[in-house]
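The values are calculated or read from the model by the stated rules, or taken from the named source; none is laboratory data. Note that the structure is predicted; figures quoted are calculated from it, not measured. Note: ideal-geometry Cβ built from the backbone for every residue, glycine included; neighbour counts use all protein chains shown. SASA here: full protein model, heavy atoms, side chains in, ligands and nucleic acids out. Shrake-Rupley method; radii C 1.70, N 1.55, O 1.52, S 1.80 Å.
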Amino acid sequence: MNSVEAIWSFRRVICSSKLFITVDDATTRNASRLQRKKVAVEKQKQKENKVEEAEARIRHDAANKTFELPLSSYKRKDDLRTTARALGLAEDKKTKLRELSSNIRVYVEDNSAQLH
């Protein structure tokens, strides 16, 4: 047994405000905390990837999609963002659904001659 193993095999008790934690318990808790943090970081990466994929799809659809259906048939936020971007309207993922729909309607009413 080397000195490092001897140190870790020795269970020293740490006393702090009536709470007794052994070194083994502390290392287990630390490992558990690190594992939770690792899982949280991985979930955040997955979420960022999904957001980036959605943004890429919106950019692609705004440039290539033919909008054949009436405006009232587009209910999803991504569909409305695609429509707004295709029309050249300012939008971002924080823009509310109602505001997007209203901005698109106003634009279409004001520019209906150009759109046909």
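Here are the numbers for this structure:
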read-out: Scan of the range 22-78 for residues that are over 24 Å from the mean Cα position of the chain (by Cα) and aromatic (F, W, Y), ordered by number; value: F67
read-out: Filter result for K96 (within 21 Å of H60 (Cα to Cα) and surrounded by fewer than 17 Cβ atoms within 10 Å (Cβ to Cβ)); value: no
read-out: Odd one out for N111, checked against (1) open to solvent by 40 Å² or more (accessible area, probe 1.4 Å); (2) more than 21 Å from the chain's Cα centre (by Cα); value: (1)
read-out: K18 being among the basic types (K, R) and modelled with pLDDT under 90; value: yes
read-out: Candidate set from the range 43-75 (those that are basic (K, R) and modelled with pLDDT under 90); member that is most open to solvent (accessible area, probe 1.4 Å); value: K75
read-out: So E5, is it loosely packed, with under 10 Cβ neighbours inside 10 Å, out of contact with any Asp or Glu (no Cβ under 8 Å at 6 or more places or on another chain) and at pLDDT below 75; value: yes
read-out: Checking A90 against (1) assigned to a loop (DSSP other than H, G, I, E, B); (2) surrounded by 10 or more Cβ atoms within 10 Å (Cβ to Cβ); (3) of a type in the set (G, A, S), the condition it does not meet; value: (2)
read-out: Pair list, Cβ < 9 Å and 6+ apart or interchain, from the range 98-115 residues that are small (G, A, S) to residues that are in a loop (DSSP other than H, G, I, E, B); value: S101/Y74
